[in-house]
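The values are calculated or read from the model by the stated rules, or taken from the named source; none is laboratory data. Since the model is a prediction, treat every value here as computed from it, not as a measurement. Heads up, the Cβs are rebuilt from the backbone with ideal geometry, glycines too, and the neighbour counts pull from every protein chain shown.
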């Protein structure tokens with residue numbers, strides 16, 4: 001394949017006696033290597049290489065200025081902002097939110113050589129008209145707002161002069177200065193210049209190139225097909241058509257570099273793939289197929305990323321069998337795990353308060369993989385810290401508490417968690433200290449990629465530190481964090497490789513001037529290719545048009561040109577787009593695809609929709625067979641003791657019983673920022689036990705209960721501390737929970753007081769632990785049934801087994817008509833548990849009729865919900881638990897335990 005670069009080299013070689021004296025200027029650095037490689041092959045001998053510039057390097061040379069870094073520009077712009085006008089100025093932190101946009105506008109004004117005085121005068125007038133106040137008297141806010149726009153020209157002039165005093169400039173200023181110096185440059189360097197592969201040119205570039213074309217033996221070669229030039233509405237030829245019409249040089253000179261390749265036969269596939277990661281996986285599979293068909297073809301293959309955020313998933317999807325990949329684009333530093341660590345470090349220290357660090361921020365930081373690796377390097381077990389936080393319910397953590405857990409001898413702890421001066425200067429020192437200890441950690445792990453990333457962060461922090469020492473604008477941690485985030489978004493981690501070997505992976509702009517036989521282009525969606533109607537500018541659309549500044553239409557045309565230029569010489573083209581667009585990942589299929597499909601000479605394009613093969617998820621319920629090992633576990637558990645709640649768990653779902661009770665798999669321990677339901681219940685039970693314990697064995701009196709009420713506050717508070725540990729109960733929902741518990745218990749005592757007016761109540765036992773041994777026919781070992789009875793009392797001579805519940809319980813939950821329902825329907829689990837308690841008590845106190853019931857603190861008005869046996873839904877109820885009732889319950893209890901021990905009956909999952 002004859003590439004555009006090779007064609008230009010051939011023509012320049014024919015025209016010039018010594019190509020060494022020719023200066024080549026390209027849109028970007030990337031193509032410079034291919035220019036030199038092409039000249040080397042053409043020469044076939046050793047020779048001096050010609051000078052090759054990217055357009056930015058060339059403009060910099062003409063101007064005599066150097067480019068100021070993005071950070072320097074921000075600080076200098078803020079400095080100029082403070083020096084102009086007498087209105088109230090915003091802080092540096094607030095300035096960062098709009099300073100970048102203003103920089104871009106200043107940059108465009110200078111690159112397009114716009115009359116700044118006229119433009120900013122118009123802009124100020126527009127803002128005066130648009131301001132939102134209807135009152136004749138302007139407020140201070142509006143006065144400051146209008147003063148800013150009235151001083152926008154002095155701000156622009158001051159900003160530029162400050163940079164010029166340092167022999168520096170933003171890109172636009174360098175371009176404006178170069179356009180003013182071009183005649184002087186021509187006098188000094190009158191040699192031949194060759195411009196190749198340009199398309200959209202700003203006014204400064206246009207003037208510079210035209211001056212060189214008219215005054216020196218220079219040439220310009222356009223990389224375009226007449227198909228796009230002859231179509232007056234095709235955006236791919238928009239700019240070159242404009243140049244041809246407006247440049248005096250081109251009115252008498254034929255366009256050079258045009259070629260008729262686009263109309264040739266091409267294999268084009270347009271593939272819709274759902275979501276970003278699927279595109280990466282599909283691309284990896286496509287590369288594998290291309291390699292299998294023709295391994296050598298990958299040398300002439302380019303993988304172009306429309307969305308550069310796809311780089312990381314793509315790198316993980318490229319087949320290992322591909323021997324060489326050259327990555328031209330950089331990996332965004334903000335997408336690396338280290339960026340997450342440092343941002344978490346900022347968040348942790350920015351959001352701290354007098355109580356310490358909020359547990360969620362703290363846990364997020366120390367569970368970051370790199371923080372965990374750092375702690376492990378210093379033999380600090382982060383798990384111990386996490387377990388302590390969760391078990392002690394610390395919603396806020398202090399440095400003292402951390403040191404109490406792991407000791408004070410670890411130097412890395414004060415670095416990570418010290419709260420002594422979090423001034424920006426001191427925090428930057430800590431950031432560099434963190435880089436140093438991370439460096440030691442990853443040197444030990446020999447992780448070279450992370451070390452490269454760390455060096456980038458070190459450079460970034462050093463740059464901020466140097467500027468912070470020069471300027472005193474960063475006054476707090478929030479401003480420092482915002483600056484860090486803004487600069488981080490522009491930093492990339494550059495890859496090293498051989499640009500002449502292997503698969504070429506690059507962004508759209510890096511592909512300029514380069515040609516490939518096979519092109520894979522990803523993320524061709526609206527909002528990505530082209531980028532759409534985003535207008536990140538203070539200059540209104542109509543004002544841009546009036547002053548010939550580019551709008552979104554021109555920016556779309558730029559990407560249209562790059563898209564079609566990639567297709568010009570390619571023979572195999574694979575275009576991928578996302579079929580499931582959303583706000584974050586671009587819109588629908590790109591108009592460029594639609595335009596391609598409507599071309600008359602393209603009737604053989606293959607369209608596909610690719611998606612991962614999905615297997616339907618069939619809701620198969622688990623079935624766990626009972627092996628010898630599991631049977632041994634069941635026997636051990638039976639010897640230790642079944643509790644009513646564990647048997648209820650089996651009734652609810654045998655698989656849950658297997659996991660939770662037999663295997664002992666517990667719920668994950670978590671910090672209870674607000675009190676959990678089980679903790680709430682524990683506090684209520686313990687408080688009631690403590691209040692009533694002094695009266696065990698006695699008949700309750702009104703005086704007893706009134707005295708108990710006086711101890712409510714201290715008793716509940718004490719049990720909160722015992723169960724909720726160090727959790728905060730003084731504010732928020734926990735404060736409300738404290739008073740809800742107080743209200744529950746107070747209401748319960750009030751009901752007991754009313755009951756004492758008519759009945760005699762004697763407390764027999766509280767929180768009585770019981771266990772009995774069962775000998776069940778068919779089971780060759782004794783079985784233990786155990787449990788804790790919340791309260792045993794006697795009312796008018798009738799013994800009662802009482803179970804407290806803090807949740808709502810209805811009466812129909814404890815009344816049964818069928819004994820089989822007890823062990824097959826979880827709805828009756830409360831009745832089952834009551835009978836278990838009664839059965840255990842009867843074994844200890846035989847031949848003693850009793851009642852068993854639940855006191856639901858959430859619906860105390862229902863009274864004691866007694867277990868009852870009835871023959872019909874509205875029939876008479878028998879609440880007395882006598883020998884006959886216990887005999888029938890014993891039968892179903894034995895049946896249930898036999899089922900658990902039946903090796904032939906697996907644990908079958910129930911739909912809960």
key: residue 429 out of contact with any helix residue (DSSP H, G or I) (no Cβ under 6 Å at 6 or more places or on another chain), surrounded by 13 or more Cβ atoms within 10 Å (Cβ to Cβ), assigned by TED's automatic domain parsing to the domain that holds residue 363 and closer than 18 Å to residue 481 by Cα   = yes
ask   = Is there a residue in the stretch 595-603 that is closer than 24 Å to residue 263 by Cα, surrounded by 12 or more Cβ atoms within 10 Å (Cβ to Cβ), touching a residue at least 24 places away in the same chain (Cβ under 8 Å) and in contact with a helix residue (DSSP H, G or I) (Cβ under 6 Å, 6 or more places away or on another chain)?
value = no
query = Hey, which of the helices (runs of 4 or more DSSP H) in the stretch 88-166, taking only ones fully inside, have at least 2 residues that are at pLDDT 90 or above and either touching a helix residue (DSSP H, G or I) at 6+ places or on another chain (Cβ under 9 Å) or closer than 30 Å to residue 64 by Cβ (or both)?
reply = 92-111, 116-130, 152-164
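What about residue 754, is it modelled with pLDDT under 95, closer than 23 Å to residue 685 by Cβ and loosely packed, with under 13 Cβ neighbours inside 10 Å?
Numbers: modelled with pLDDT under 95: yes; closer than 23 Å to residue 685 by Cβ: yes; loosely packed, with under 13 Cβ neighbours inside 10 Å: yes.
Against the criterion (modelled with pLDDT under 95, closer than 23 Å to residue 685 by Cβ and loosely packed, with under 13 Cβ neighbours inside 10 Å), residue 754 qualifies.
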note = The condition of being more than 36 Å from the chain's Cα centre (by Cα) and either modelled with pLDDT under 95 or within 30 Å of residue 839 (Cα to Cα) (or both) holds, among 611, 646, only for 646
message = Being modelled with pLDDT of 90 or more, surrounded by 15 or more Cβ atoms within 10 Å (Cβ to Cβ), closer than 17 Å to residue 517 by Cβ and more than 44 Å from the chain's Cα centre (by Cα) narrows it down to one residue among 261, 227; which is it?
response = 261
key: Residue, nearest to residue 786 (Cα to Cα), within the stretch 825-836, restricted to residues that are touching a helix residue (DSSP H, G or I) at 6+ places or on another chain (Cβ under 7 Å) and touching a residue at least 24 places away in the same chain (Cβ under 8 Å)   = 836
note = The residue from 238, 229, 286 that alone is under 30 Å from residue 208 (Cβ atoms) and in contact (Cβ under 8 Å) with a residue 40 or more places away in the chain is 238
task = Scan the stretch 8-59 for residues that are assigned to a helix (DSSP H, G or I), closer than 24 Å to residue 299 by Cβ and touching a strand residue (DSSP E or B) at 6+ places or on another chain (Cβ under 8 Å) and jot them down.
result = 8, 32, 35, 36
query = For residues in the stretch 492-537 being under 17 Å from residue 591 (Cβ atoms) and free of Cβ contacts under 8 Å to residues at least 60 places away in the same chain, which is surrounded by the fewest Cβ atoms within 10 Å (Cβ to Cβ)?
reply = 534
key: Members of the stretch 753-794 found to be outside any strand (DSSP E or B), touching a strand residue (DSSP E or B) at 6+ places or on another chain (Cβ under 7 Å) and within 15 Å of residue 705 (Cα to Cα), listed by number   = 755, 759, 760
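Scanning for something assigned to a helix (DSSP H, G or I), modelled with pLDDT of 90 or more and closer than 30 Å to residue 127 by Cβ, does the stretch 569-592 turn up at least one residue?
Looking for residues that are assigned to a helix (DSSP H, G or I), modelled with pLDDT of 90 or more and closer than 30 Å to residue 127 by Cβ, one finds none in the stretch 569-592, hence no.
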